[in-house]
1. Could you sort 160-167, 120-127 so that the peptide with the highest average Cβ count within 10 Å comes first and the rest follow in order?
2. For Lys130, which aspartates and glutamates qualify as cross-link partners when the Cα separation must be under 15 Å and same-chain residues fewer than eight apart are set aside?
3. How much of the accessible area of segment 28-184, probe 1.4 Å, is carbon plus sulfur, in whole percent?
4. Please list, in chain and number order, the residues 5+ apart from Glu214 or on another chain whose amide H is under 5 Å from its amide H, with Hs placed from the backbone.
5. Using a Cα-Cα cut-off of under 30 Å, which lysines could be cross-linked to Lys173, ignoring same-chain neighbours fewer than 8 residues away?
6. Which percent of the Cα-Cα distances in segment 40-133 go past 24 Å?
7. I'd like the distance separating the alpha-carbon centroids of segment 131-156 and segment 47-98, in whole Å.
8. Counting C-alpha atoms alone, how compact is segment 135-180: give Rg to one decimal and Dmax as a whole number, in angstrom.
Amino acid sequence: MKKLLSIFAISLCVLGPVSGLAGEAATLRITGEASVSAVPDMARLQLGVRKDAKEAVGASKAVGAALAQVMKELDAVGIKPKDMQTTQLSLAPQLDYPGSGAPRKLGYQAQSTLTVTLYDIDQIGVVLDKVLFAGATEFAGLNFDLTNRKTLRGEAMQQAVKSARRDAELLAKAAGMSLGKVITLSYGPSGGPVPIMMARGMAEASSMPIAAGETDISAQVQMEFELISED
């Protein structure tokens, strides 16, 4: 895992209605956001095999044979069985729809999609070369991710809370008040893996260079504080 490059927080303040009716405490609602940036250290590659045949059995066997060869090549470059997972398997008749009359069956098409997890992103180009020559015909995309995503998400969550509190204190002070207890605290979603869609022509290029860049993990919290008058 490469070193965390940067942590930055951005606060988006939303001042809700300040309740201050007789006998009621004034409150401040605010949103805090933060983002943590890191270099991806893993990737998920989705590849597949599609074959046509006159009969269903023939199409299935052709896909099975091609996929077995693809998995053999993946094993040869060090990809473990636990990091290869079949995520789609289909078999359907191929029909021709003439201008009039009933559809005519042309044959069958079988397809299988395999998701491969790589813990060395420098392997991506080599893996693509191998599976192409082994018989892979379909590429659904590439996702970059982080092995320590949970830890980094925790960093972003803490930064978001600090950001919300910091801005709430500034607003309260400007209004001649101070913050009291936290009344509510809720957490919003964070960013997920970064998908990269790959066209077949790109994937066919030998040793296609892949740039991982950085991945941002963001967090958002909504907080409501009690406001205390300094008078």
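The values are calculated or read from the model by the stated rules, or taken from the named source; none is laboratory data. No experiment lies behind these values; they were computed from the predicted model shown. A quick note on method: Cβ atoms are made from the backbone with ideal geometry, for glycine too, and the neighbour counts reach across all protein chains shown. Ligands, DNA and RNA are excluded from the accessible area calculation, which covers all protein heavy atoms including side chains. Shrake-Rupley method; radii C 1.70, N 1.55, O 1.52, S 1.80 Å.
1. Numbers: 160-167: 20.6, 120-127: 16.1.
Put in order of decreasing packing, that is 160-167, 120-127.
2. Of all the aspartates and glutamates, those that pass the test against Lys130 - Cα under 15 Å, at least 8 places apart if same chain - are Glu73, Asp75, Asp122, Glu138, Glu204.
3. Working: 4250 of 8070 Å².
With neighbouring chains kept in place, the figure for segment 28-184 is 53 percent.
4. The list, which skips near neighbours in sequence, is empty: none.
5. Counting by Cα, and skipping residues close in sequence, Lys173 has these lysines nearby: Lys162, Lys181.
6. Values: 1479 of 4371 pairs.
Considering segment 40-133, 34 percent of its Cα-Cα pairs are separated by more than 24 Å.
7. Segment 131-156 and segment 47-98 have Cα centres spaced 21 Å from each other.
8. 21.0, 71
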